[in-house]
Structure formats: C-alpha cells, structure tokens
Amino acid sequence: MQGVTVVDHPLVQHKLTIMRDKDTSTASFRRLLREISLLLCYEVTRDLELTTRTIETPMVTMEAPTLEGKKLVFASVLRAGNGLLDGMLDLVPAARVAHIGLYRDQDTLEAVEYFFKAPSNLEDRLIIVVDPMLATANSAVAAVDKLKERGATNIRFLCLLAAPEGIERFTTAHPDVPVFTASVDEKLNEKGYILPGLGDAGDRMYGTK
Ligand code: PRP
Ligand code: URA
C-alpha cells in the first residue's frame with residue numbers, strides 16, 4: 001500500500017496483542033499505549049533532517065548532529081490521541097502540541113468538531129497527527145482538512161490500528177500525507193468498528209462506556 005508504513009516491530013506487535021485482549025485492564029491498556037507510542041514515534045521520526053552544531057565534549061571540540069528546522073507539532077485527535085501524545089512528548093519534549101476535538105456521531109459516523117487549538121506558523125513545521133484508530137477515516141480526514149486550512153503542508157498521520165476502508169478513504173482524500181500504523185486489520189463492522197480491533201480506544205483508555 002503506497003504511503004502506508006506498517007510498524008511490525010516484535011515489541012509493538014506483542015504489546016498490541018495485550019491491548020486487543022478484552023480482559024486487559026484500563027491501567028494496563030493506558031500503559032501499553034504509552035509504551036507503544038515510543039516505538040511508533042521512533043519510526044515516524046526516523047528520517048528527520050539533521051544539521052550539526054559545535055560543542056565541547058570533556059575531551060575535544062566536535063561538530064555534533066542536532067535536529068534541523070522548526071520544532072515539530074504533535075496534533076492529538078481528542079480524546080484517544082492523548083494516549084499516543086504523552087509518550088511522543090517523552091521522546092520529543094520540545095515539540096509543540098495541537099489539540100483537535102472530534103467525536104464520531106454514532107448514527108452517521110461523521111466527525112463532529114468541538115475544539116481546535118494549534119500553534120501558529122503551521123506552514124513551517126512538520127505536523128504528526130496522532131489518533132490510535134483509523135476506522136472510516138472521517139475523523140482523520142477532518143483533522144487533516146482543518147490543519148491544511150490553517151496552512152499546514154507537511155503532515156504525517158500516526159495510528160495504532162487501521163481498517164483497509166479507512167486507509168483507502170484517507171489516502172484518497174490526502175495522498176500527500178503518509179500513514180504509519182502498527183496494524184492494518186481485516187475490515188469494519190456495520191457500526192464502523194475495526195475488526196478484529198480492540199474496541200473503543202477512548203473508552204478503554206479512560207474506563208468510560
Ligand atoms: C475514535 C478514535 C478516532 C475515531 C476513529 O474516537 O479515537 O478519533 O473514533 O473513527 P473514524 O475513523 O471512523 O472517524 P471517538 O469519536 O470514539 O472519540 P473519543 O476518542 O473521544 O472516544
Ligand atoms: N473508534 C474506535 O475507538 N474503535 C474502533 O474500532 C473504531 C473507531
């Protein structure tokens with residue numbers, strides 16, 4: 001699949017299996033999502049541009065590698081995106097954060113926006129949109145539409161699980177936005193849930209229903 005990277009690292013796959021298990025507790029689910037986010041962050045940032053700066057080690061002067069360009073933006077699609085965001089910020093503490101509040105209307109499955117707050121100068125920055133689930137892709141498409149309206153041009157989308165239907169819709173709507181996921185599952189059910197999936201990511205993270 002063009003533009004789609006499946007992060008099939010054994011640690012990611014092992015942790016994902018525990019997350020899918022319906023008997024996994026809320027506390028474990030949250031911890032595992034944070035742990036997986038570190039590994040996914042590593043993949044989604046692996047080609048970031050480097051420059052060098054002069055530093056003094058205790059031994060000598062050297063030209064040492066350092067990240068180039070403006071600070072990254074992590075754009076979390078609320079609520080469940082925050083489960084990926086925390087670990088990503090552990091790895092890239094200087095990143096800026098955008099919050100995009102969206103929920104799926106249960107009947108239409110359309111994304112309904114209730115909040116948007118993003119740093120300025122989106123046009124100069126790499127933006128990594130994070131949301132564990134890409135199901136119909138209505139939420140992901142709406143999140144990226146909104147960021148593009150605000151000037152963003154360099155965007156990546158990072159999730160934990162994707163449905164083939166969601167990937168098709170997302171890559172058609174935003175062919176310029178690469179997708180990173182830990183798994184492409186089988187299909188959506190008639191209610192727009194991913195199969196085999198892991199259920200409702202937000203509810204499992206926060207113990208709601
Ligand atoms: C979930 C998930 C995505 C969306 C995916 O959020 O976190 O944002 O569904 O589904 P889609 O691809 O069909 O749009 P939800 O709307 O349940 O909100 P929540 O994170 O607040 O629970
Ligand atoms: N949102 C979820 O949290 N889970 C799904 O399976 C689909 C959408």
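Each reported figure results from applying straightforward, stated rules to the coordinates on display, with no laboratory input. This one's a predicted model, so the numbers in the text were calculated from it and none came from an experiment. Glycine gets a Cβ as well: all are built from the backbone with ideal geometry, and neighbour counts include every protein chain shown.
Values as computed for the structure displayed
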{"quantity": "Between region 86-128 and region 34-81, the alpha-carbon center distance in angstrom", "calculated": "19 Å"}
{"quantity": "Restricting region 123-190 to GluC sites (Glu not before Pro) in coil, as DSSP defines it, with at most 13 other Cβ within 10 Å", "calculated": "GLU186, GLU190"}
{"quantity": "Per-residue Cβ neighbour rank within 10 angstrom, fewest leading, LYS22, LYS148, LYS15, LYS71", "calculated": "LYS22, LYS71, LYS148, LYS15"}
{"quantity": "Taking LEU102, LEU39 and counting other C-beta atoms within 10 Å, the order from fewest to most", "calculated": "LEU39, LEU102"}
{"quantity": "Computed [θ] at 222 nm, helices only, for the chain once each DSSP H run of length n ≥ 4 contributes -39500 (n - 2.57)", "calculated": "-10000 deg cm²/dmol"}
{"quantity": "Footprinting exposure proxy for MET133, MET59, MET19 (fewest neighbouring C-beta atoms within 10 Å first)", "calculated": "MET59, MET19, MET133"}
{"quantity": "Region 4-206 - share of DSSP beta bridges that are antiparallel (%, nearest 5)", "calculated": "40 percent"}
{"quantity": "Rel. contact order, % - alpha carbon contacts under 8 angstrom, at least six apart, region 65-209", "calculated": "20 percent"}
{"quantity": "Positive minus negative residues near GLY207 (Lys, Arg vs Asp, Glu; Cβ under 15 Å)", "calculated": "+3"}
{"quantity": "Given charges at beta-carbon only (K, R positive; D, E negative), |dipole| of the chain in Debye", "calculated": "480 debye"}
